[in-house]
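In what follows, a structure is listed as structure tokens, so that the remarks can point back to it.
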Amino acid sequence: MPPQPPISILMYHQIGPYPRPEAHRALFCHIDRFRAQLKYLKWAGFDVINLTEARQRLFEGKPYQRKSVVITVDDGYDDFREHAWPVLQKEGLPATVYLVSSLLGKDTAWLSDWPVKPKLMDAAAVKQLRREGCDFGSHAATHPRLSHLDAARQRAEIFDSKKALEDLLGEEVPDFCYPYGDYSLRARDLVQEAGYRTATTCIRGAGNLSDNPFELTRKAISYGDNLVGFAWKLHMKHERKGQGPQPDKA
Ligand SMILES: [Zn+2]
């Protein structure tokens, strides 16, 4: 059997008309580059799919022929509504935005050392974008490092955020993303127990290198990625790189 084409789960954070950042470059993508990246995906014949489709292709033997991409956007910044979503809509492509359920409409309280904390989408914006076809997942309730929490608090972050988002959206929320990519085997098992069907990490590599649907590997798109760099990231499976499950500290 020929090897499966790569399925790349791309990771973005803030997408907008940003000047080149001095730090945290992997957390920013210029909107013009984002637009060019989406056009490239279509031009190069990628399937752009959601996480459910990716899970079925990766773990349930669902056949596929073409190289595939999932677009994930962490944290739910308000700039997504303003800049990235209109571009995705225009190109007719799906994306999953991971929300911090207790911080909708607030700022990124967890970025303690940032002088100006970016705003997060509010509940009304989330509902509007859902009506327009955007997918949403959970990024926990408060964006903690899950391996630093005891079992009860891990459970609350994972279960309560699912419930809160499902109450808001009136439907199942099947996808979870570990804040900071930090997780433990206990947290992973709680994600599964809560009824999620996928969870993404910050372990680098094509999705095909994931051990299971609750430790999906991703590829971060950085401010410095021009189209050549972007294409290179897409076409390669790469080596797995990055932190796997951490020991629980409480
Ligand atoms: Zn995050």
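The values are calculated or read from the model by the stated rules, or taken from the named source; none is laboratory data. Nothing here was measured: the structure is a model prediction, and the numbers come from that model. Using ideal geometry, Cβ is built from the backbone for each residue, glycine included, and neighbour counts are taken over all protein chains shown. Just so you know, the surface numbers come from the protein's heavy atoms only, side chains and all, with ligands and any DNA or RNA stripped out. Shrake-Rupley method; radii C 1.70, N 1.55, O 1.52, S 1.80 Å.
Considering only protein heavy atoms, what per residue accessible area in square angstrom results for the chain with a 1.4 angstrom probe? All intermediate terms of the calculation are to be shown ahead of the outcome.
Values: 11070 Å² over 250 residues.
Per-residue value: 44 Å².
If r is the Cβ-Cβ distance from Asp113 to Lys249 and R0 is 22 Å, what FRET efficiency results, to the nearest 0.05?
Values: r = 21 Å, r/R0 = 0.97.
Calculated value: 0.55.
Neighbours of Glu91, meaning other residues whose beta-carbon lies under 10 angstrom from its beta-carbon, give a summed charge of +4 when Lys and Arg score +1 and Asp and Glu score -1. Loop-resident trypsin sites (Lys or Arg not before Pro) (DSSP state other than H, G, I, E or B) in the stretch 1-98 with no more than 16 further Cβ atoms inside 10 Å of their Cβ: Arg66. Of all beta bridges that DSSP places with both ends in the chain, some 10 percent have antiparallel geometry.
If we count GluC sites (Glu not before Pro) as exposed when they sit in a DSSP loop and have at most 15 other beta carbons within 10 Å, what is the longest stretch of the chain that avoids them all?
On the way: sites that count: Glu22, Glu60, Glu132, Glu171, Glu172, Glu239.
Free of exposed loop sites, the longest segment is 61-131.
Apolar share of the accessible surface for the chain: 52 percent from carbon plus sulfur atoms, 1.4 Å probe.
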